[in-house]
Amino acid sequence: MKKSLYISVLIINGAAHSILGQVTWNQLPLTGAEAKIISAVRQPRFNINLIFSFPQGDVAPQNIAIPALQQAAFAPETAVQLFEKLGGEFMIGFTSGPQEQTVALPGRIQISPGLQAGVRIGRRFEVRVSAQHFQSEWSGVFPVVVIPFQQEHPLPPKTLQGSMNTSVSAIGGNLGTAFFVTRGTIRPYISAGIRGIFPVQTHSGAEIAGVALPLKIDTGEASFSLAGGAGVRWNFWKNAFFDAGWSIAELPDGDYHQVAGASVGWSF
């Protein structure tokens, strides 16, 4: 560790007298009743903070293939239940017009909490590492055409709606650095780094008239991307601080989004 810098002031007979020029520097007393020692203030080097991210804009929709829905609906056990429940034969999709091959599910990403740790390098740089929990959800409906089973008085086909949803729970890891433009209580900064997103749990489901379909949907794999942004840090009390920032980063839907962020932390 570096030795602390000391400043000595000699007090004689209740009045302050300069002794420079009377004695050499190495003769100044550093301890004792006649000397006052003041230690330089030690600046905190490490910090830890609780972070929250608020994704902005629309999430990329998830496209579900119609053949995958049909395969799930016509699985032997499921098809029997649907035939009894719907009272006739059925098909997924419209009977006329252009036949779409996919169903688009609108999505949303919830607020992402996490923890971040940082270490100061020099006076203006900070290396950061963080982990966040992401929860993404998609949901939508699809048409189901039912042809009622009637031998004597055939009834016209009727259209119902099936529903489906998918969700992904993922852990996002970030490694980056921040450069503080100024020093003091209010400190603007710019940041850059790399992000990895690792899905840990997925869920998918679909149903028609209350009958669940054995639908399995691939929700993606781990991915890595660059991230960058800017913000400002406000230091208050003795070691507490508040960060607010804006960044551009890839989210679990696979697209880049603008993300607002806020955090509160402690330096030590």
Surface per residue (accessible, 1.4 Å probe) for the stretch 48-163, Å²: 60 Å²
Cα-based reach from residue 216 at 18 Å (exclusive), listing aspartates and glutamates while leaving out same-chain residues under 8 positions away: 77, 137, 207, 253
Cα pair distances exceeding 20 angstrom across the stretch 178-268, given as percent: 56 percent
The stretch 193-251-the stretch 117-188 distance, computed between alpha-carbon centres (Å): 6 Å
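The values are calculated or read from the model by the stated rules, or taken from the named source; none is laboratory data. Predicted model only: the values in this text are computed from it and were never measured. All accessible areas refer to the heavy atoms of the entire protein, side chains included, with ligands and DNA or RNA removed. Shrake-Rupley method; radii C 1.70, N 1.55, O 1.52, S 1.80 Å.
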